[in-house]
1. Name the residue, out of 131, 19, 267, whose mean-square fluctuation peaks in a Gaussian network model built on the chain with Cα pairs under 10 Å.
2. What nm distance separates the two modelled labels at residue 260 and residue 183, each placed 7 Å from Cα along Cα→Cβ?
3. Let me test this: with uniform point scatterers at the alpha carbons of region 147-199, what is the Debye-based log₁₀ I(q)/I(0) at q = 0.12, 0.16 1/Å?
4. Can you work out the FRET efficiency for the pair residue 230 and residue 76, with r the C-beta to C-beta distance and R0 = 41 Å, to the nearest 0.05?
5. Return the distance in nm (one decimal) between the two label points of a simple spin-label model at residue 282 and residue 220, each offset 7 Å from Cα along Cα→Cβ.
6. Per 10 Å bin, what is the whole-percent P(r) computed from every C-alpha pair distance within region 1-146?
7. Place the peptides 88-99, 21-32 in order of packing, highest mean first, counting for every residue the other Cβ atoms within 10 Å and averaging per peptide.
8. Looking only at region 36-75, which residues have a backbone nitrogen under 20 Å from a spot 7 Å from the Cα of residue 86 in the C-beta direction?
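What follows draws every value from the coordinates through simple rules; no lab data is involved. Note that the structure is a prediction, hence the values are computed from the model and not measured. Methodologically, a virtual Cβ is constructed for each residue, glycine included, from the backbone with ideal geometry; neighbour enumeration extends over all protein chains shown.
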Amino acid sequence: MIAADANAPKGIVWIASYPKSGNTWIRIFLHHIIRIKRGLPAGENEIDRIADSSPSIAGQVDAFTKFMRKPVAQANMHDVVLARPKVAEEMAHRANGVLPVKTHSVMGRVFDTPLINLGVSVGAIYIVRNPLDVVISLSDYMAKPIDATITSLGAHLNASPSTDLVAAEIWGSWSENVRSWTTNPPPVIKVVRYEDLLEDPIGSFTAIAEHMRIGAAPAEIAEAVTLSSFDELTKKEEKSGFVDRPDWIDRFFRVGRAGQWKEHLTPEQIDRIVADHREQMARFGYLPA
């Protein structure tokens, strides 16, 4: 994954993660820092516009429909996977320079087809979060019991379904997803821990802006970080809602802190998650003491 022209890259920078790991947080920060750099004022409901600056590949239903020649909701996984590289290519072609694109996909090949089109990619930011916390947020988001969510977190080639609004995406298990993006990554892939974003937001988001080659002043970074903070996002969601919040949950921005698993998971549930993901958890310092 390298830029065709290191001085003037054009293509996709993937904002990648397993679901409920901080992907939206990164995208909102990037939306604000890009807006600030362009001298554009903040709108009333700015968080609903993040797809303008960092769209989701799964949300490109018109492009998937065009390449599959059938509605997304009627397509099977084979149809969607074969169309993904073409959809990514079209997104990169439409972009004016570098385009951040959200994905929860594992990086790999299925049906002998790359899930991440490296031919139109210039880099990535991968966010990893403790699966002990991920399972709680994902359980709430998917409206599934914790135990069922633990099972899906460990399921080989686990995938989301296609609907009228999004194309299916193969997440893999939490370990498959993390391993695929973070094992000996090239310099163009920046790996970020969710917990480090919480502990040092200014330092972490400054590094992200530098990775994206966004030359932002400290005051601009600080403003974008404040506008992307959990407190600010919860206020905005309470006041105006959030376009990415499913109808069946009360809040998209739930808690926004690390270690909530200590209050919610039983010892048996913790042991199941560790048994499934010990190797990758150890790599990132997530094994419980």
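1. 267
2. Label-label distance for residue 260 and residue 183, simple model: 3.1 nm.
3. The computed values of log10 I(q)/I(0) come out as -0.40, -0.68.
4. The computed FRET efficiency comes out at 0.60.
5. 4.4
6. Going from the shortest bin to the longest, the percentages are 11, 35, 37, 16, 1.
7. Highest-to-lowest ranking by the protection proxy: 21-32, 88-99.
8. Within reach of a label on residue 86, which here means backbone N under 20 Å from a point 7 Å along Cα→Cβ, region 36-75 contributes 56-75.
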